[in-house]
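The values are calculated or read from the model by the stated rules, or taken from the named source; none is laboratory data. This is a predicted model, so every value here is computed, not measured. So basically every Cβ, Gly included, is an ideal-geometry build from the backbone, and we count neighbours across all protein chains shown.
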2 protein chains.
Amino acid sequence: MTSKTANPRGRRKKAAGADTQSPLNKDAIIAAALALIDRDGLDKCSLRNLASSLGVYPTAIYWYVSSRELLLSEVLAKVLEHVAPAPAQRWQDYLRAAMVNCHDAVRLHPNIAPLLGSQLVSNSSTDFTLVEGVLAALQQAGFSGPALSGAYNTFIAALAGFTTLEYAPLPENTEAWQHQVQESLRTVDPQQHPTLARNMDQLSNRGFSLRWQNGVDAALDESFRFYVDTILCGLETLVARR
Amino acid sequence: MTSKTANPRGRRKKAAGADTQSPLNKDAIIAAALALIDRDGLDKCSLRNLASSLGVYPTAIYWYVSSRELLLSEVLAKVLEHVAPAPAQRWQDYLRAAMVNCHDAVRLHPNIAPLLGSQLVSNSSTDFTLVEGVLAALQQAGFSGPALSGAYNTFIAALAGFTTLEYAPLPENTEAWQHQVQESLRTVDPQQHPTLARNMDQLSNRGFSLRWQNGVDAALDESFRFYVDTILCGLETLVARR
DNA sequence: ACCTGAACACCGTTCAAGT
DNA sequence: ACCTGAACACCGTTCAAGT
């Protein structure tokens, strides 16, 4: 790699996998950050690595973005750009589509999963499309007043919950840690944990906290469908009780 | 503060809020880490700050703990130590108690919330008490085979989901950011987002992604009860359909 | 066995300076 | 307006050395 200071013309440096040397702008920074996250993971997306991939000095990024935290929240917003579904006849279809869209979006960029659990709250992108859509669907379902906000928070939590866990990064000790988990599952005491022992074949590497791979290597699509059904059935039943 | 190198006797240094100078051990390290997280937040819990609070050199901690990541997962395990409820007659009561216990545990240590979303998966503490209890409850409910693992993953995801979001850390710009959120809520277009506009008084600072405070300053207890009801109703309805 | 102390390879962010 | 370049105050982790 060439030295950073050996750049006498002041021209944009050419990094290894750098994109075009077009003028820097916010969208290009966000796109490059997402590419870096997809390739190397969330904590490898430092401002220094990001700047290097863009062929600029680290501090140049601060002209367009005020902090790493806000940059990452914009990356998440970009990933979730199109999760708000098209209007649907049945409110159940709208909510189901939102959950599936969110799941699909994160599956394409699994390394942003930790952001889903901690930044979805502070989205604030003034884009209330999904918020309005979910509220309208829940109101159509029959929720109003305090129950509407309860149902809304329930749904948003459900939207993030499963997917956050499914793609949560597992320890990097891929060698030792994986065998340790497998060993602890193999030595489960059937006296002490009978239900676990009896269903081990179904749960091994498929159940949360019983896995040594995450959703990238061991998808949980069947459980996700069950999860979506549970949320929608729960909302249906609750609204019928009023 | 006294210099770190001015410690000629080799005695334990006395830090500002340090505990007893008892011999270092894993439990003391975990307890000190949790105290530091409670006081200053998750990312202020560096090995260096932690060591300083224990009156030792940063690298001393590595004798007891192999990495910061595993230390934090042990801190989470300690916080969730007693979430597994006592056996209950009705499976619904067991699952509800587990969710309430988890919520209560995190409420006491809200700054660990991000760990809940990303480390609960890799618990691996060989403590399968909760896993077995949840599986037994779901089997008692009537789930078996693939549906059991679907129900299990659904419940674990539900266990972490709401609480993770409720206590997720919001941007530190408490001055500017809070007003920005409030302003964007005040200027919501009733034409474009009618349901949101009509229910703004219920949702302002109470709805996810419509808040400028997190669960510490603005609890969401009512929504949480709604959420628990939704999960349990959903599972009840799904099992009845089989 | 347990801890010190130096060192390595990083971080995010601020700020003055260039063009 | 936009970027460079140096600097500040940090990081996690490794490893040799002490006791």
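Quick test of your reading of the structure: residue A:104 fulfils all but one of (1) touching a residue at least 40 places away in the same chain (Cβ under 8 Å); (2) more than 12 Å from chain B (Cβ to nearest Cβ); (3) surrounded by fewer than 17 Cβ atoms within 10 Å (Cβ to Cβ); (4) outside any loop (DSSP other than H, G, I, E, B). Name the failing condition by number.
Unmet for residue A:104, out of (1) touching a residue at least 40 places away in the same chain (Cβ under 8 Å); (2) more than 12 Å from chain B (Cβ to nearest Cβ); (3) surrounded by fewer than 17 Cβ atoms within 10 Å (Cβ to Cβ); (4) outside any loop (DSSP other than H, G, I, E, B): (1).
Can you pull out every residue in the stretch A:199-218 that is more than 9 Å from every other protein chain (Cβ to nearest Cβ) and without any contact (Cβ under 8 Å) to a residue 12 or more places away in the chain?
Those that are more than 9 Å from every other protein chain (Cβ to nearest Cβ) and without any contact (Cβ under 8 Å) to a residue 12 or more places away in the chain: A:201, A:217.
Of all residues in the stretch B:55-79, count the ones that are within 14 Å of chain A (Cβ to nearest Cβ), within 14 Å of DNA strand C (Cβ to nearest atom) and in contact (Cβ under 8 Å) with a residue 12 or more places away in the chain.
Looking only at that region, the number is 2.
Could you tell me which of the residues B:32, B:15, B:6 is at pLDDT 95 or above and either more than 17 Å from the chain's Cα centre (by Cα) or near DNA strand D (Cβ under 10 Å from one of its atoms) (or both)?
B:32
If you scan the stretch B:160-179, which residues turn out to be at the interface with chain A (Cβ under 7 Å from one of its Cβ atoms) and over 18 Å from residue B:223 (Cβ atoms)?
Across the stretch B:160-179, the qualifying residues are B:169, B:171.
Can you confirm whether the stretch B:186-195 contains a residue that is within 7 Å of chain A (Cβ to nearest Cβ), among the aliphatic types (A, V, I, L, M), touching a residue at least 24 places away in the same chain (Cβ under 8 Å) and outside any helix (DSSP H, G or I)?
no
For the condition more than 24 Å from residue A:128 (Cα to Cα), surrounded by fewer than 18 Cβ atoms within 10 Å (Cβ to Cβ), acidic (Asp, Glu) and modelled with pLDDT of 95 or more, what is the one hit in A:27, A:93, A:40?
Going through A:27, A:93, A:40 in turn, the sole match is A:40.
Looking at B:143, B:155 in this structure, which one is among the aromatic types (Phe, Trp, Tyr), within 9 Å of chain A (Cβ to nearest Cβ) and touching a residue at least 60 places away in the same chain (Cβ under 8 Å)?
B:155
Given the criterion crowded, with 18+ Cβ neighbours inside 10 Å and part of a loop (DSSP other than H, G, I, E, B), identify the matching residue among B:223, B:209.
Sole residue among the options that is crowded, with 18+ Cβ neighbours inside 10 Å and part of a loop (DSSP other than H, G, I, E, B): B:209.
Condition test on residue A:94, is it within 16 Å of DNA strand C (Cβ to nearest atom) and not basic (Lys, Arg)?
No.
It is to be established whether one or more residues within the stretch B:53-60 are farther than 21 Å from residue B:167 by Cβ and near DNA strand D (Cβ under 8 Å from one of its atoms).
yes
Which residues, counting only those in the stretch A:144-160, are over 16 Å from residue A:230 (Cα atoms) and not polar (S, T, N, Q)?
Within the stretch A:144-160, A:145, A:146, A:147, A:148, A:150 meet the criteria.
Yes or no, residue by residue, for (1) closer than 21 Å to residue A:42 by Cα; (2) crowded, with 23+ Cβ neighbours inside 10 Å; (3) in contact with a His (Cβ under 8 Å, 6 or more places away or on another chain):
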| residue | (1), (2), (3) |
| --- | --- |
| A:164 | yes, yes, no |
| A:180 | no, no, no |
| A:196 | no, yes, no |
| A:205 | no, no, no |
| A:214 | yes, no, no |
| A:230 | no, yes, no |
| A:233 | no, no, no |
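Which of (1) within 19 Å of residue B:157 (Cβ to Cβ); (2) of a type in the set (Phe, Trp, Tyr); (3) part of a helix (DSSP H, G or I) does residue A:177 not meet, given it meets every other one?
Exception for residue A:177: condition (1).
If you go through the stretch A:21-54, how many residues are within 14 Å of chain B (Cβ to nearest Cβ) and either in a helix (DSSP H, G or I) or near DNA strand C (Cβ under 9 Å from one of its atoms) (or both)?
Residues in the stretch A:21-54 being within 14 Å of chain B (Cβ to nearest Cβ) and either in a helix (DSSP H, G or I) or near DNA strand C (Cβ under 9 Å from one of its atoms) (or both): 2 in total.
If I filter the stretch A:80-98 down to residues being part of a helix (DSSP H, G or I) and within 14 Å of chain B (Cβ to nearest Cβ), which single residue comes out as nearest to DNA strand D (Cβ to nearest atom)?
A:98
For residue A:134, indicate whether it is within 21 Å of residue A:105 (Cβ to Cβ), touching a Phe, Trp or Tyr at 6+ places or on another chain (Cβ under 8 Å) and either assigned to a helix (DSSP H, G or I) or within 7 Å of another protein chain (Cβ to nearest Cβ) (or both).
yes
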